[in-house]
Amino acid sequence: MFQIIELEDVIRIPPNKFGQPLNEIALEILKMKYESTISPDLGYVILVKDVSVNPIGKIIPGDGGIYHKVNFSILSYYPKIQEIVEGEVVEITDFGAFIRIGPVDALLHLSQITDDYLTSDVRQGIILASKSKRMLKIGSKVRVKITAVSLGRGTTVGKIGVTSRQPFLGALEWIEEDLKKASNVIEVEKKEKVEK
């Protein structure tokens, strides 16, 4: 889930930045500290914005910098377990597919794609179901449910596991096929009731 979070911090303005606009320096420092990081509390931090700096700073003896309180907003992506998300297949491996959801890739393991027997062809970039002949390929749009989330600290990569083994999950074209089949069944049942 994407979210905007209001935060407060204290930043150190180094002496070589004195005389420059305070908000610009603060934004630059906050971007370096927060953007492209991962936190169990904040998720994947994508963007820092709306920086407001207290113009009165503090000087600490022995340190040439000035410390200022700042209020700012961040845009982050925090994957929630049981959340249904849509993404795109960006990589096919021997053990499944990686799905790009938001700013991160999630693993869709072969065992979590469908009940059918699957074969993976890494060279061609496809996963093929033997009975239904349904196929996942690089570029396929999919709808999946998040089943596991493990977020590291700093810039280490978090891990996200997803599944498509439930009704109306999987490649979007599979979902359309299932909806057409379901609507055809409903129409047939309605006709049978009318005829009785």
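Every number here is computed from the coordinates shown, using simple stated rules; none is lab data. As the structure is a prediction and not an experimental result, all values here were calculated from the model. Cβ coordinates were reconstructed from backbone atoms using ideal geometry, including for glycine residues, and neighbour counts include every protein chain displayed.
Among Arg100, Arg143, which comes first, second and so on when ranked by fewest other beta-carbon atoms within 10 Å?
Ranking Arg100, Arg143 by Cβ neighbours within 10 Å, fewest first, gives Arg100, Arg143.
Taking loop as defined by DSSP and a crowding limit of 15 other beta carbons within 10 Å, which chymotrypsin sites (Phe, Trp or Tyr not before Pro) in the stretch 9-71 fit?
Passing sites in the stretch 9-71 are Phe18.
Over 10 Å intervals from 0, what percent of Cα-Cα pairs in the stretch 1-113 sits in each interval?
Bins of 10 Å from zero give 13, 33, 24, 15, 11, 4, 0 percent of pairs.
Count charges around Ile113 for me, please; just the other residues with Cβ under 12 Å from its Cβ, Lys/Arg as +1, Asp/Glu as -1.
Neighbour charge sum, excluding Ile113 itself: 0.
Pairs of Cα atoms under 8 Å, at least six residues apart: use those to get the relative contact order of the stretch 2-77, whole percent.
Working: 142 pairs, mean separation 34.7, N = 76.
Once divided by the residue count of the stretch 2-77, the mean separation gives 46 percent.
As I understand it, the value is the acute angle between the Cα axis of helix 22-34 and the longest principal axis of the Cα atoms of the chain; what does it come to in degrees, rounded to 10?
That helix lies at roughly 50 degrees to the long axis.
With no solvent and one point on each alpha carbon, what is the Debye value of log10 I(q)/I(0) for the stretch 100-196 at q = 0.22 Å⁻¹?
-1.15
By counting other Cβ atoms within 10 Å of each Cβ, how are Ile38, Ile81, Ile138 ranked from fewest to most?
Ile81, Ile138, Ile38
Once the Cα gyration tensor of the stretch 14-71 is found, what semi-axes does its equivalent ellipsoid get, as square roots of 5 times the eigenvalues, in whole Å, sorted largest first?
Working: eigenvalues 114, 33, 22 Å².
That gives 24, 13, 11 Å for the three semi-axes.
How about Lys80: which lysines have a C-alpha closer than 23 Å to its C-alpha, ignoring those fewer than 8 places off in the same chain?
Lys141, Lys145, Lys159
Counting other C-beta atoms within 10 Å, which of Asp105, Asp50 has the fewest, and how do the rest follow?
In increasing order of surrounding Cβ atoms, one gets Asp50, Asp105.
May I ask you to list the chymotrypsin sites (Phe, Trp or Tyr not before Pro) in the stretch 116-196 that are in a DSSP loop and have at most 16 other Cβ atoms within 10 Å of their Cβ? Before the final figure, lay out each step's value.
Details: sites: Tyr117, Phe168, Trp174; in loops: Tyr117, Phe168.
The qualifying sites are Tyr117, Phe168.
Once phi is turned into ³J(HN,Hα) by the Karplus curve 6.51 cos²θ - 1.76 cosθ + 1.60 with θ = phi - 60°, what whole-Hz value does each residue of the stretch 64-79 show in order, with x for glycine and proline?
Here the 3J(HN,Hα) series is x, x, 10, 9, 10, 6, 9, 10, 7, 10, 10, 9, 10, 10, 10, x Hz.
Rounded to the nearest 500, what is the chain's calculated 222 nm mean residue ellipticity when only DSSP H runs of at least 4 contribute -39500 (n - 2.57) each, over all residues?
-6500 deg cm²/dmol
If you split all Cα-Cα distances of the stretch 46-180 into 5 Å bins from zero, what percentages do you get per bin, shortest first?
Cα pair-distance distribution for the stretch 46-180, in percent: 2, 9, 16, 18, 13, 9, 7, 5, 5, 5, 4, 4, 2, 1, 0.
Return the distance in nm (one decimal) between the two label points of a simple spin-label model at Asn16 and Val122, each offset 7 Å from Cα along Cα→Cβ.
Between Asn16 and Val122, the simple spin-label model gives 4.5 nm.
Using the alpha-carbon centroid of each, what span in Å lies between the stretch 34-58 and the stretch 103-120?
35
Please sort by residue number the GluC sites (Glu not before Pro) in the stretch 18-96 whose DSSP state is loop and whose Cβ has at most 15 other Cβ atoms within 10 Å.
Numbers: sites: Glu24, Glu28, Glu35, Glu83, Glu86, Glu88, Glu91; in loops: Glu35, Glu83.
Those that pass, being in a loop and sparsely packed, are Glu35, Glu83.
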